[in-house]
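As structure tokens, the structure follows; a few thoughts come after it.
The values are calculated or read from the model by the stated rules, or taken from the named source; none is laboratory data. Here the structure is a predicted model, which means the values were calculated and not measured. Here the Cβ is made from the backbone with ideal geometry for all residues, glycine too, and neighbour counts use every protein chain on show. Accessible surface areas use protein heavy atoms only, side chains included; no ligands, DNA or RNA. Shrake-Rupley method; radii C 1.70, N 1.55, O 1.52, S 1.80 Å.
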Amino acid sequence: MAAVREIEPIVLDLNRLEQMAESGYYNPYTMFDWPDSIEPDKPWMSENLTTLAGTPMWDELTREQQIALTRWEAVNFFSLNIHGIRELMSEVVMRIHEKTYAHVSEFLHHFIGEENEHMWFFAQFCLRYGGKLYPAQPTLKVASADHLSPVAREMIVFARILIFEEIVDYYNSYMATDQTLPPIAREINRVHHQDESRHVAFGRMIFQNLLGQVMKRDPDEVPLIAEYLENYLQYSIGTLYNPAAYRDAGIPDALALRRRALEHPARIEAHDKILKRTRSFLSKVGAGREVIRR
Ligand SMILES: [Fe+2]
Ligand SMILES: [Fe+2]
């Protein structure tokens, strides 16, 4: 954590978020009603959110394959959450008692506690109904941030958390009210969305603080950061397209299908929709893709 000491202490006004975390505190271990099984004709993920939605590849599937795809993509989505949370949470744990983070450490305690609970209920869903988690996919090499200064690398840690949480939240907020889903799937998405709205608010604040520090020290680094973040956005979208989920849904040629789906115009439009909120935030604070030097 030597690099952390080169960073100015992070001071943010988190009173409101901390109060919300306290008053909204719940017991995840008792609050859900886990049915023994889910009705066989119900999707586990909204059909509109599957990686084939809007393409002819979806229409070519049998109804049985379509339902199976919603199931295995739900297991993939929750697995991504579990692995993503674990990696990012371990970064936060390492920092919680560093001087730089002393002023935000109260909120970080809430963050870690809540993420631990999220891992638990996502894994419950996957194991109870899918019988497994998908293994973690290779992460975008952190090494690709090696050329950046310590403060920029520090910023990247929190930027990854923020980007990941914002993408997940797009899915959660949609599924929280999707009446075609079984109640347990809706509930998990709803509860997660509630906690994540605080995490996203915090994430944006800490990101802006660290970006401000980068801009003060070396504004020339900003285009490099913007490039890293744009790559991370693309990488994150790619992880939603898991060939193992296609295989489990009984769809042949999983790898070729993944390539075709990722490039399909309907999917590119869908990706833009998923990333819209994050991209406009990055642009607003001066780290959007338009500042990348080509
Ligand atoms: Fe979470
Ligand atoms: Fe979170």
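Just to verify a result, which residue in the stretch 179-199, among those that are open to solvent by 10 Å² or more (accessible area, probe 1.4 Å) and without any contact (Cβ under 8 Å) to a residue 40 or more places away in the chain, is nearest to F158 (Cα to Cα)?
Top of the filtered list is S197.
Going by the structure shown, is L148 touching a residue at least 60 places away in the same chain (Cβ under 8 Å), more than 19 Å from H110 (Cα to Cα) and either small (G, A, S) or assigned to a loop (DSSP other than H, G, I, E, B) (or both)?
On the way: touching a residue at least 60 places away in the same chain (Cβ under 8 Å): yes; more than 19 Å from H110 (Cα to Cα): yes; either small (G, A, S) or assigned to a loop (DSSP other than H, G, I, E, B) (or both): yes.
Yes; evaluated as a whole, the condition is true for this residue.
Quick one: what pairs do we get from the stretch 226-243, first residue without any contact (Cβ under 8 Å) to a residue 60 or more places away in the chain, second not aliphatic (A, V, I, L, M), C-beta under 9 Å, 6+ apart or different chains?
Qualifying pairs under 9 Å: Q234/H271; G238/Q137; G238/R258; P243/R258.
Before we move on, is S280 in a helix (DSSP H, G or I), open to solvent by 50 Å² or more (accessible area, probe 1.4 Å) and at pLDDT below 95?
Working: in a helix (DSSP H, G or I): yes; open to solvent by 50 Å² or more (accessible area, probe 1.4 Å): yes; at pLDDT below 95: no.
The answer is no for S280.
Just to be sure, is H271 out of contact with any Phe, Trp or Tyr (no Cβ under 8 Å at 6 or more places or on another chain), within 16 Å of ligand 1 (Cβ to nearest atom) and either assigned to a loop (DSSP other than H, G, I, E, B) or free of Cβ contacts under 8 Å to residues at least 40 places away in the same chain (or both)? So that I can check it myself, show each step before the final result.
Details: out of contact with any Phe, Trp or Tyr (no Cβ under 8 Å at 6 or more places or on another chain): yes; within 16 Å of ligand 1 (Cβ to nearest atom): no; either assigned to a loop (DSSP other than H, G, I, E, B) or free of Cβ contacts under 8 Å to residues at least 40 places away in the same chain (or both): yes.
No, not satisfied.
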